[in-house]
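**Student:** Let me begin by handing over the structure; questions about it come next.
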Amino acid sequence: MNKNSSNIMALAPKSSNKRETVCIFGTGDFGRALGHKLIQSGYPVVFGSRSPQTSSLIPKGAEVMSHAEAAQKAAIIFIAIQRQHYNFLTSLAEILHGKVLVDVSNNSKINEYPESNAEYLSQLVPGAKVVKAFNTVSAWALQSGTLDASRQVFVCGDDTEAKQLVMDIVRTLGLTPLDQGSLLAAREIENYPLQLFPMWKFPILLSLGLTTFFFFYCLALDVIYPYVYEKKDFSFFIAITIPNKICPILALILLGLVYLPGVLAAIIQLYRGTKYRRFPDWLDKWMLCRKQLGLVALAFASVHVLYTLVIPIRSFVRWRISDRIISQVLNNRTELLNTTNAWISDSYLALGILGFFLFVLLGITSLPSVSNNVNWREFRFVQSKLGYLTLILCTAHTLVYGGKWFLKPSSYKWYLPPVYMFSLIIPCSVLVVKFVLIFPCLDKPLTRIRQGWERNPQYSE
């Protein structure tokens, strides 16, 4: 009986749900939004301000006092003010001794100061326990609710207990704390909100560069060449024809670039005979942005589909069809159906539809809301096995469509190859190397290496 009673007592929640008072220095947008969220979560909130006067902007239920009075009422103090206004805290060093100071500040540019704001705060008030948190959450996110914003809050600090207290508050607010370690991580956390699409920079710049190159390449062959040698004005190709060539070419090239670093990594591991040596920096960065490369490729493929759908209603296409029909009528001649061309047409359309379907599936599974609901084996099957199948189908789609022009001398205007040939270089190279790597003589050693085997253990790092 006593044993059961003790178990029940151990599992029973505490009778008191009262939360400790939280202090916020600063009555700006973020300070007020944070105070409102804390009050909603059951925390008594007191604001420390230079002008301790109640305002209609202050959340209902919160008190406004001077900094010294507010600091005495709470053990946890959020510093919601800019770094250049930190100096007044030195006069409160005695009051702030032993208290938890949560630095939520950000800078206007990356690495603006020699040290992070949190480290600077710990130097000004050495007796306090400084924790960096909430700087990656905006005032709008706190006001709109966690469903409309990022739920992750990076937290770092040298005092484990202080950091745990802050992480408990984060959870109470419905957010997810991510422990980033000691206060040395504060610099990286402060730089994080200032980065503008860090993983998207390379894919976007690469796409812009390739788009520019292929645009002028197609412009030269499809517009300038006919005008110079045939006196035909095809300048209207700039609107649909040329973009509808560039989009599938870029989609296929970027999709090939998603899987190229994987085969390069396999070759490097086979050559080294170990997986415990770092890849070159360029390969590491390349592999980190594969998801972004794939999504940009999907965007180009989607635009290609839209351009293709409007082809039948183009004035040029309707004129060409009408001209052919009239020509047959005037010549009293009917062109019979060429079943070979029909097969080629239907084949490349079918390959394109299947390839685009799998392409969209890859894009959907890369979304966090979807990838979080599948295990690693399922995710790897979709992104690897189905990914290579997508690459095969899209490459076959291009080969069937443009293959007939590769051997025609008339296709090599100014001795330049058809633009479709460029789109096949990287995908075909990836598929050929991948095909070679699946041979048992290479696949088995590679599998052993990735499981930890080393050819020369003394070179492991």
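The values are calculated or read from the model by the stated rules, or taken from the named source; none is laboratory data. Source: prediction; values computed, not measured. Note: accessible area is taken over every heavy atom of the protein model, side chains too, but ligands, DNA and RNA are not part of it. Shrake-Rupley method; radii C 1.70, N 1.55, O 1.52, S 1.80 Å.
**Student:** What is the chain's relative contact order, in percent, from Cα pairs under 8 angstrom and six or more apart in sequence?
**Tutor:** On the way: 568 pairs, mean separation 50.8, N = 461.
Across the chain, relative contact order equals 11 percent.
**Student:** Rounded to the nearest angstrom and ordered from largest down, what semi-axes does the equivalent ellipsoid of the stretch 101-257 get from its C-alpha gyration tensor (root of 5λ)?
**Tutor:** 53, 17, 12
**Student:** Just to verify a number: what accessible area does Arg290 come out at with the full protein assembly present, 1.4 Å probe, Å² rounded to tens?
**Tutor:** Result for Arg290: roughly 80 Å² accessible.
**Student:** Accessible area per residue for the chain in Å², computed with a 1.4 Å probe and the full protein assembly in place, what is it?
**Tutor:** Ligands and nucleic acids excluded, the result is 59 Å² per residue.
**Student:** From largest accessible area down, sort Ser108, Ser182; use a 1.4 Å probe on the protein chains.
**Tutor:** Ser108, Ser182
**Student:** Okay, next question. Pairing the Cα long axis of helix 339-365 with the longest principal axis of the chain, what angle in degrees results, from 0 to 90 and rounded to the nearest 10?
**Tutor:** Between helix and principal axis, roughly 0 degrees.
**Student:** Residue by residue, what Karplus-based ³J(HN,Hα) values in Hz, rounded to whole numbers, does the stretch 284-299 have, using 6.51, -1.76 and 1.60 with θ = phi - 60° and x for Gly and Pro?
**Tutor:** 4, 5, 4, 5, 6, 9, 5, 4, 5, 4, x, 5, 5, 4, 4, 4
**Student:** Let me ask something additional. Only helical DSSP H runs with n ≥ 4 go in: add -39500 (n - 2.57) per run for the chain, normalise by residue count and round the 222 nm mean residue ellipticity to 500 deg cm²/dmol.
**Tutor:** Values: 20 runs with 252 residues, N = 461.
Value at 222 nm, helices only, nearest 500: -17000 deg cm²/dmol.
**Student:** By DSSP, what percent of the beta bridges with both residues in the chain are antiparallel, rounded to the nearest 5?
**Tutor:** Details: 2 of 25 bridges.
Around 10 percent of the beta bridges assigned by DSSP in the chain are antiparallel ones.
**Student:** Explain nothing, just compute: Karplus ³J(HN,Hα) = 6.51 cos²θ - 1.76 cosθ + 1.60, θ = phi - 60°, for every residue of the stretch 303-318 in order, whole Hz, x for Gly and Pro.
**Tutor:** After applying 6.51 cos²θ - 1.76 cosθ + 1.60, I find 5, 4, 4, 5, 4, 5, 5, 8, 4, x, 9, 5, 4, 4, 5, 5 Hz.
**Student:** Using a 1.4 Å probe on the protein chains only, how many percent of the accessible area of the stretch 200-451 belongs to carbon and sulfur?
**Tutor:** 68
**Student:** Compute the acute angle (0 to 90°) between the alpha-carbon long axis of helix 29-40 and the principal axis of greatest extent of the alpha-carbon atoms of the chain; round to the nearest 10°.
**Tutor:** Helix 29-40 sits roughly 70 degrees off the main axis of the chain.
**Student:** Using modelled amide H (1.01 Å from N, peptide plane; none on Pro or chain starts), what sits under 5 Å from the amide H of Phe154, excluding residues fewer than 5 places away?
**Tutor:** The list, which skips near neighbours in sequence, is Phe134, Thr136, Leu178.
**Student:** Enumerate the amide H contacts of Val131 below 5 Å, restricted to partners 5 or more residues apart or on another chain; note that Pro and chain-start residues carry no placed amide H.
**Tutor:** Leu101, Val102, Asp103
**Student:** In addition: Heavy atoms of the protein only, probe of 1.4 Å, neighbouring chains included. What is the accessible area of Arg380 in Å², nearest 10?
**Tutor:** Counting only protein heavy atoms, the figure is 130 Å².
**Student:** Ordered by residue, what ³J(HN,Hα) values in Hz, to whole numbers, does the stretch 120-137 give under the Karplus form 6.51 cos²θ - 1.76 cosθ + 1.60, where θ = phi - 60° and Gly and Pro are x?
**Tutor:** My calculation for the stretch 120-137 gives 5, 5, 5, 6, 5, 10, x, x, 8, 9, 8, 10, 9, 6, 6, 6, 8, 10 Hz in order.
**Student:** Rounded to a whole number, what % of the accessible area of the stretch 22-194 do carbon and sulfur atoms account for, probe 1.4 Å?
**Tutor:** The computed percentage sits at 48.
**Student:** More than 27 angstrom separation, counting every C-alpha pair in the stretch 22-194; what % is that? Before the final figure, lay out each step's value.
**Tutor:** Working: 2562 of 14878 pairs.
Of all Cα-Cα distances in the stretch 22-194, 17 percent exceed 27 Å.
**Student:** As a quick test, which of the pairs Lys99/Lys132; Lys201/Lys245; Lys231/Lys413; Lys201/Lys285 have an alpha carbon distance above 19 angstrom in this structure?
**Tutor:** Working: Lys99/Lys132 14 Å; Lys201/Lys245 24 Å; Lys231/Lys413 15 Å; Lys201/Lys285 11 Å.
Flagged as over cut-off: Lys201/Lys245.
**Student:** Taking a 1.4 Å probe, which of Lys231, Lys444, Lys37, Lys132 shows the most accessible area, and what order do the others take after it?
**Tutor:** Values: Lys231 155, Lys444 135, Lys37 30, Lys132 0 Å².
Sorted descending by solvent-accessible area, the residues read Lys231, Lys444, Lys37, Lys132.
**Student:** In addition: For Phe216, what accessible surface area do you get with a 1.4 Å probe? Give it in Å², rounded to 10.
**Tutor:** 120
**Student:** Sticking with this one: In degrees from 0 to 90, rounded to the nearest 10, what is the angle of the helix 2-11 Cα long axis to the longest principal axis of the chain?
**Tutor:** 60
**Student:** Give me the Debye-computed log₁₀ of I(q)/I(0) at q = 0.11 Å⁻¹ for the chain, equal point scatterers on Cα only, no solvent, two decimals.
**Tutor:** Taking Cα atoms of the chain as identical point scatterers yields -1.01.
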